[in-house]
1. Which is farthest toward the positive dipole end of the stretch 287-388 among ALA348, ALA382, ALA361, measuring Cα position about the Cα centre, with Cβ charges +1 (Lys, Arg) and -1 (Asp, Glu)?
2. May I ask you to list the lysines whose Cα is less than 17 Å away from that of LYS371, ignoring any residue fewer than eight positions away on the same chain?
3. Order of 657-667, 686-696 by packing, highest average Cβ count within 10 Å first?
4. May I ask for the angle, rounded to the nearest 10°, between helix 438-462 and the longest principal axis of the chain, with both axes built from Cα atoms and the value confined to 0 to 90°?
5. With every protein chain kept in place and ligands, DNA and RNA left out, what is the accessible area per residue of the stretch 605-647? Probe 1.4 Å, answer in Å².
6. Based solely on C-alpha atoms, express the radius of gyration and the Dmax of the chain in angstrom.
7. Would you calculate a helix-derived [θ] at 222 nm for the chain, using -39,500 (n - 2.57) for each DSSP H run of n ≥ 4 and dividing by the full residue count, to the nearest 500?
8. For ASP391 paired with SER680, estimate the spin-label separation in nm (one decimal), with each label point 7 Å from Cα along the Cα-to-Cβ line.
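The values are calculated or read from the model by the stated rules, or taken from the named source; none is laboratory data. Owing to the predicted nature of the structure, the values given are computational and were not obtained by experimental measurement. Don't worry about glycine lacking a Cβ; one is built from the backbone with ideal geometry, like all the others, and counts go over all protein chains shown. Ligands, DNA and RNA are excluded from the accessible area calculation, which covers all protein heavy atoms including side chains. Shrake-Rupley method; radii C 1.70, N 1.55, O 1.52, S 1.80 Å.
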Amino acid sequence: MAFDDGAPTKQYILALDAGGTMTDTILVLPDGSFRVGKSLTKRGDEASSYLESVQDTADSLDTTSAELHRHAAVSIYAGTGMLNTVLTGTGRKAGLLVTRGFEDITIIEGGLTYLGQAQHDLLHNQLHEHTRAMIDPKNVHGVLERTCGGSYFMDKHIAPGVILIPLYEDHVRTAVNKLLDDGIEVIGILFTNSFINPEHELRAKAIAEAIVAQRGVAVPVVTSCEVAPVLKENNRAKSLLLQCVAAESTRDALKSVETAARKDGYGGQLLTLLSYGGAVNVSYPRLYETVISGPIGGMMGARVLSSKLGLDRVLCCDMGGTSFDVGLVLNNQIPIRKDPEFAGHRLALPMVALDSVGSGAGSAVSLDKYKRLRVGPESAGAAVGKCYKFDQLTITDVNVAMGYVDPDYFLGGKITLDRDRAIAALEETIARPLGLDIYAAGKGILEVVCTQMRDAAATMMLAKGYNPAEFTVLVYGGAGPVHLWDFTDGLGVADIITVPYAAAFSAFGASCAEYMHRYHKGYVAAVPNDADADYRARTGREIEQLYREMEDAAREELRAEGADVSAISFSYGIYARYIGQLESFDTPLAITSAAQAGDVDGLVAAFEKMYTQIYPEGARFPEVGYAVSELYIKAVVPKAMPLIRRHTLAGATPSDSAYVHSRRVNHKGRFHDFGVWQMSELAAGNVVNGPAIIRDPMTTLVIPPDKRIRFDEFMVIHYG
């Protein structure tokens with residue numbers, strides 16, 4: 001591709017998804033078309049795998065990564081660095097100040113000993129274990145203080161936010177000095193009910209920072225009211241600790257990627273993805289909110305694609321090298337969890353609703369002492385399997401042995417896999433101990449893995465009461481198209497689709513992300529049915545004021561990040577419930593300004609409308625009144641966005657250039673001659689009948705003998 005020699009035009013979008021195995025790049029060109037690149041992820045040197053992946057994309061245009069960076073309006077990088085930091089315990093050494101009496105909060109953690117366990121283990125208490133604490137319990141110190149949290153009986157009780165016990169400042173001084181003596185690298189502060197009144201936390205922070213300055217050390221002090229000012233101190237504590245322990249280490253890695261991009265010609269700030277959708281730059285103060293930025297990209301891409309295709313219900317299935325993730329897009333919206341689970345911790349953080357099972361292409365396969373098949377949790381990552389550099393049999397080895405994956409065309413031939421080693425590992429690890437033929441063993445392994453994925457996909461729909469016949473299944477990830485034929489069998493859905501760029505679909509979704517910040521504020525207010533006009537007006541003024549404060553905070557943060565706040569737009573929402581219910585419900589508000597939020601009756605009406613979309617009309621209980629527990633806003637600044645192009649339909653018969661050769665594949669215990677076709681040579685309107693394999697440098701799409709695929713006008717692949 002030839003570029004002008006003058007000042008570079010910033011009209012390209014770079015988006016990367018750094019998974020456990022591959023770092024995928026999507027380059028969005030001005031006409032909305034895409035180019036895809038890929039490299040093996042180097043966990044110790046993410047900047048290197050970033051540049052290699054961008055250069056792989058540049059190779060498809062006969063140019064260089066430097067030229068792409070010079071002409072890029074934005075570069076977005078999502079990954080799993082924070083997850084790795086938490087799992088390996090390699091983050092910063094943190095200390096914590098808490099309200100006296102809550103010193104064991106990091107250990108007790110609400111008794112959530114079952115998080116992250118398989119379904120069959122959840123039923124047995126003796127198998128439950130506490131997640132490893134993010135900090136040493138000896139580095140948690142109690143401080144005397146207490147703020148009132150309020151109650152449902154606002155006019156007959158002490159108001160929320162009233163100071164009941166003043167902050168005992170000597171406790172703060174003693175604790176901070178002790179933590180600094182013990183070599184703490186960051187200090188967190190968490191006081192009960194600080195989400196309503198942050199006075200004590202902010203005062204304790206001022207005292208701590210003064211001591212830190214006096215002692216001449218570089219130790220940041222972080223408060224929960226700045227990180228997660230919301231209900232539930234256990235979840236708030238985990239979010240605070242995640243920010244203290246893991247976020248800054250992750251920021252260092254992201255900064256190294258940004259530095260590499262700038263040295264290569266990029267002129268902007270590197271962006272990354274928030275766990276609830278949206279993009280921020282790597283200087284974002286609450287970086288813990290990007291904790292699972294990688295898998296979010298696929299969901300955001302699914303939302304854009306579902307809107308283009310006019311789909312109301314989409315089941316998203318992402319199979320990569322490490323895991324199989326499933327989520328829903330409903331009416332062009334992505335469901336959000338308010339207190340999600342992450343690496344065995346329950347957080348106070350809005351997060352896209354995803355479920356995962358450890359069925360990735362790199363998942364290790366073995367037999368336990370009872371000769372029962374085990375898949376995972378170990379994963380080969382960039383080592384792929386025995387066919388490459390891993391020391392155990394993996395799902396990829398099985399696919400290579402069966403003939404589904406071409407060992408000479410992995411990453412377009414850049415890496416050659418050893419099929420003989422894969423077959424030998426399959427025989428030694430599974431077939432011989434079970435007395436099976438190697439192909440029978442491979443067939444059984446794939447059946448087990450795909451059954452796990454099928455169960456996860458079905459549960460995502462059925463557990464929420466949805467009818468699978470109303471859903472379209474969207475399959476993506478590098479390994480998704482390889483197993484599409486099996487795990488979707490029997491789901492009973494309306495349609496099954498994938499895309500030519502399935503391997504980099506999460507990166508595509510990252511390119512679709514809005515530049516967005518989300519702000520939450522805990523707020524306790526009851527709205528009884530007999531509340532008079534003055535009470536409702538006072539409550540409305542309080543809500544309006546809090547929204548304005550969040551708007552001001554958004555403008556200040558975005559301006560500091562270099563964003564053009566003149567084009568900023570806001571949307572608003574509340575978390576509310578009927579009085580007496582335990583959980584609050586996310587209620588988006590159809591308002592355009594904070595002033596409109598002062599209409600409490602309008603907020604109640606919005607809650608009722610949302611509630612009846614989830615539950616039957618008979619489940620309403622307005623007689624008890626309403627409780628608001630949290631407010632939030634979303635602040636969006638425009639950025640460059642990709643397009644999904646409409647193509648002219650060609651005939652059903654592919655061009656001769658699309659056919660490569662035929663290959664013997666053992667499918668369901670029998671050998672077949674599969675025709676092999678080149679993905680890049682197929683056009684909109686083409687139909688390919690099975691048995692066939694569509695090959696691409698990034699993935700493989702398997703079409704069984706009794707199935708076919710069809711490309712529509714948007715180059716979406718329909719399977720059936």
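1. Of the options given, the answer is ALA361.
2. Once the sequence-local lysines are set aside, what remains near LYS371 is LYS443.
3. Going from most to least packed, we get 686-696, 657-667.
4. Between helix and principal axis, roughly 40 degrees.
5. Value returned for the stretch 605-647: 52 Å² of accessible area per residue.
6. In order Rg, Dmax, the Cα atoms of the chain give 26.8, 82 Å.
7. Computed ellipticity for the chain at 222 nm equals -9000 deg cm²/dmol.
8. Each label point lies 7 Å from its Cα, and together they span 3.8 nm.
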